[in-house]
Amino acid sequence: WDNADFSRGVGTTFYQEFPTLNTDKPPFVRDVEAKVRRYLRSSYSAAWTLKITWEKAPAYAARTDTRRTITYQAVLTTDGFRSYVLMLYQEGGMRWDYNRLAATNVLIGYT
């Protein structure tokens, strides 16, 4: 990981909440459920899902290069008992120049 820097007015962050307990599920939530079922080979029915998107985020410090951006999402979902996180990256979207980042041990993912 490294830090995104929105201080130059480039990029944005937004979120969308999907409370789906006792309601019809939108296609996005059905897709998340299908991914959880496929990857974990278990039944899953989401009660709540949150999608957070970082769009065209420049690397810290943005003063060095605001043209090389990345777009990615974190999707948090729970059925009330189990919770999951899906990390989604735009195809070919990691455009940060890792040779110019403040950190030297950059990773994609989480621990």
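The values are calculated or read from the model by the stated rules, or taken from the named source; none is laboratory data. A quick note: this is a predicted structure, and the numbers were derived from the prediction, not measured. With ligands, DNA and RNA removed, areas are computed over all heavy atoms of the protein, side chains included. Shrake-Rupley method; radii C 1.70, N 1.55, O 1.52, S 1.80 Å.
Name the long-range amide H neighbours of residue 61: under 5 Å, sequence gap of 5 or more, or other chain; modelled H, no Pro or chain starts. Those lying under 5 Å, H to H, from residue 61 are 102.
Could you work out what % of the accessible surface of region 12-100 is carbon and sulfur, using a 1.4 angstrom probe and leaving DNA, RNA and ligands out of the count?
Values: 2960 of 5850 Å².
Percent of accessible area from carbon and sulfur atoms in region 12-100: 51.
Using every pair of separate Cα atoms, the Kirkwood estimate puts the hydrodynamic radius of region 12-100 at 14.6 angstrom.
Each residue of region 14-31 was assigned a 3J(HN,Hα) from its phi angle through the Karplus expression (A = 6.51, B = -1.76, C = 1.60, θ = phi - 60°), giving 8, 9, 9, 9, 10, x, 10, 5, 6, 9, 5, 9, x, x, 4, 5, 4, 5 Hz with x at Gly and Pro.
Taking amide H as placed 1.01 Å from N in the peptide plane, the amide H of residue 47 sits under 5 Å from that of 78, 79, 80, each at least 5 places away or on another chain. Coupling constants for region 37-53 follow from the phi torsions by the Karplus curve (6.51 cos²θ - 1.76 cosθ + 1.60, θ = phi - 60°), and in residue order they are 4, 5, 6, 9, 6, 9, 6, 7, 9, 5, 9, 7, 9, 10, 10, 10, 10 Hz; glycine and proline get x.
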